[in-house]
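Okay, so here's the structure we're looking at.
The values are calculated or read from the model by the stated rules, or taken from the named source; none is laboratory data. All of these numbers come straight from a predicted model, not from anything done at the bench. Virtual Cβ from ideal backbone geometry, glycine too; neighbours counted across all protein chains shown. Please note that ligands, DNA and RNA were not included when accessible areas were found on the heavy atoms of the full protein model with its side chains. Shrake-Rupley method; radii C 1.70, N 1.55, O 1.52, S 1.80 Å.
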Amino acid sequence: MSTGRKKLLFRGAAIAAILLLCGGAVLFAATRQRQISGRVLRAEGDGTFLVQSEDGKPFYLLVSDETFVFSFLDGFDTRSFREGKMTDPVQVSATVAGLKKQITGADGTTAAAWPAVQVEGRGRLQPEPVTLPDGTGVQVWQYARDTAYILADGTELLRVDLPIGPGNVYTGGVGSLDQLPQQAQEKILAFYEAQGLLYDERAELERAYEAYCRWKGPEPFSAHTLGQEIGPTASGDRVIYFMTSVRSSASGNEMTELRRGDAFDKTTGERIEPEALFTCPPEELAPKLLDLAGITDPAQREAMTGAFDAGNILFFPENLELSFSPGSLPGQEHSTLIGLEYEEGLRQLLVEGAVPHAPDRAG
């Protein structure tokens with residue numbers, strides 16, 4: 001074979017290889033998936049939605065009959081969304097694949113367009129804003145697991161988690177509400193329904209806005225957070241213990257926590273007053289627990305005795321905890337916790353059946 005013939009064959013093979021590689025690159029580009037999210041500005045018709053991304057850039061989302069549309073958000077009508085009939089602003093997260101296009105919408109907006117494999121409705125703007133004392137309006141965005149309060153300029157002031165528990169909360173080695181008799185479950189649920197939230201959401205929002213108005217940091221304002229969770233902490237022969245925990249944080253500050261404990265009869269669900277779990281008279285409870293904790297400083301004992309609340313006694317499988325709320329003790333901005341093991345004289349102070357089981361015996 002001549003040299004020229006060899007060169008021609010080599011060039012043909014090289015070109016074929018290049019075309020194969022290019023075809024593979026096109027196929028890869030067409031099938032590669034990515035996540036994009038943002039707020040839907042409007043439906044353009046024919047399954048085309050103009051979306052403003054989280055960084056402020058617009059893009060088009062192309063929804064076809066094959067696109068899977070879903071949401072865990074109450075009241076999010078996926079059919080209305082698909083048909084472009086939703087009137088409330090919504091936020092979505094989408095998985096897109098295929099070749100990016102450039103299209104121009106009805107108002108002249110030209111932007112990248114992505115075919116959507118699936119679209120999740122993640123947030124929905126509530127119809128009525130919240131008005132603060134100075135007249136400032138705050139948007140309320142509802143998500144599946146929390147609520148966000150956002151100013152018109154996009155600054156998030158407060159994020160509130162949906163309350164959790166006492167149902168469907170499981171603590172390893174402790175047991176759960178649904179393991180109790182039906183009567184007990186109903187009683188305990190009724191108690192916590194009557195208790196409600198241990199925080200004032202409106203007050204927390206106004207506090208966050210005041211902090212925002214004072215904010216002078218070089219970095220953006222960080223939203224305050226708020227949430228409440230109720231779950232079992234320990235279980236004995238006849239008593240099951242629960243804790244209500246309220247967690248909050250301010251911009252740039254550490255998380256603070258308010259804790260409340262409650263005890264219930266495992267058979268009937270009747271709440272047991274915390275003082276009834278101890279053998280001593282109620283007025284002697286604080287001094288005896290502080291004795292067991294080794295608190296001897298007179299000023300400290302006086303402050304703790306004055307701030308003592310039997311509802312802040314928490315039971316765990318291996319120890320009892322005294323919880324003093326943030327700010328309840330002089331010079332203490334955060335919670336103060338004191339742990340007492342049951343073997344350190346505490347068993348003798350508890351009535352029969354009140355000592356929790358070790359984790360491997362709980363139930």
Seminar exercise, completed: THR244 fails exactly one of (1) part of a loop (DSSP other than H, G, I, E, B); (2) hydroxyl-bearing (Ser, Thr, Tyr); (3) touching a residue at least 40 places away in the same chain (Cβ under 8 Å), namely (1)
Problem set entry | Residue count, the range 246-277 (criterion: of a type outside the set (Lys, Arg), surrounded by fewer than 20 Cβ atoms within 10 Å (Cβ to Cβ) and over 16 Å from GLU352 (Cα atoms)) | 13
Seminar exercise, completed: Cβ pairs under 9 Å, 6+ apart or interchain, first in the range 125-152 and free of Cβ contacts under 8 Å to residues at least 12 places away in the same chain, second open to solvent by 40 Å² or more (accessible area, probe 1.4 Å) and among the polar types (S, T, N, Q), ordered by first then second residue, are PRO129/GLN139
Exercise. Can you find a residue in the range 199-220 that is in a strand (DSSP E or B) and in contact (Cβ under 8 Å) with a residue 12 or more places away in the chain?
Worked result: no
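Go over the candidates GLY261, GLY231 one by one and state the one that is more than 20 Å from the chain's Cα centre (by Cα), farther than 15 Å from GLU156 by Cβ and of a type outside the set (Val, Ile, Thr).
On the way: GLY231 fails: more than 20 Å from the chain's Cα centre (by Cα).
Going through GLY261, GLY231 in turn, the sole match is GLY261.
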Exercise. What single numbered condition from (1) surrounded by fewer than 16 Cβ atoms within 10 Å (Cβ to Cβ); (2) within 33 Å of the chain's Cα centre (by Cα); (3) farther than 26 Å from LEU198 by Cβ fails to hold for GLY353?
Worked result: (2)
Seminar exercise, completed: Here the qualifying pairs (Cβ atoms under 7 Å; residues six or more apart or on different chains; first in the range 336-351 and within 14 Å of ASP291 (Cβ to Cβ); second open to solvent by 50 Å² or more (accessible area, probe 1.4 Å) and in a helix (DSSP H, G or I)) come out as LEU340/LEU292; GLU344/LEU292; GLY345/LEU292; LEU346/LEU292; LEU349/LYS288
For this session: Go through the range 37-72 residue by residue and tally those that are of a type in the set (A, V, I, L, M, F, W, C) and either open to solvent by 80 Å² or more (accessible area, probe 1.4 Å) or modelled with pLDDT under 90 (or both).
Result: 3
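Conditions tested, residue by residue: (1) surrounded by fewer than 19 Cβ atoms within 10 Å (Cβ to Cβ); (2) touching a Pro at 6+ places or on another chain (Cβ under 7 Å).
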site: GLN102; (1), (2): yes, no
site: THR110; (1), (2): yes, no
site: ALA113; (1), (2): no, no
site: THR155; (1), (2): yes, no
site: LEU162; (1), (2): yes, no
site: LEU177; (1), (2): no, yes
site: LYS187; (1), (2): yes, no
Exercise. Consider SER323 against the criteria (1) over 23 Å from ALA184 (Cβ atoms); (2) free of Cβ contacts under 8 Å to residues at least 40 places away in the same chain; (3) touching a strand residue (DSSP E or B) at 6+ places or on another chain (Cβ under 6 Å); (4) not β-branched (Val, Ile, Thr): it satisfies all of them except one. Which criterion is unmet?
Worked result: (2)
For this session: Test GLY294 against the stated conditions and say whether it is without any contact (Cβ under 8 Å) to a residue 12 or more places away in the chain and open to solvent by less than 70 Å² (accessible area, probe 1.4 Å).
Result: yes
Problem set entry | the range 79-96: number of residues that are open to solvent by 30 Å² or more (accessible area, probe 1.4 Å) and either under 21 Å from ASP146 (Cβ atoms) or assigned to a loop (DSSP other than H, G, I, E, B) (or both) | 8
Problem set entry | So GLY123, is it within 22 Å of the chain's Cα centre (by Cα) and of a type in the set (Gly, Ala, Ser) | yes
Exercise. Among the residues of the range 300-320, is there at least one that is part of a helix (DSSP H, G or I), within 17 Å of CYS280 (Cα to Cα) and out of contact with any Pro (no Cβ under 8 Å at 6 or more places or on another chain)?
Worked result: no
Seminar exercise, completed: Here the residues within the range 289-299 that are assigned to a loop (DSSP other than H, G, I, E, B), more than 18 Å from GLU343 (Cβ to Cβ) and out of contact with any Lys or Arg (no Cβ under 6 Å at 6 or more places or on another chain) are THR296, ASP297
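Considering PHE316, PHE324, PHE308, which residue is of a type outside the set (Asp, Glu), within 20 Å of ALA234 (Cα to Cα) and open to solvent by 40 Å² or more (accessible area, probe 1.4 Å)?
Numbers: PHE324 fails: open to solvent by 40 Å² or more (accessible area, probe 1.4 Å); PHE308 fails: within 20 Å of ALA234 (Cα to Cα).
Just a single option satisfies the conditions, and that option is PHE316.
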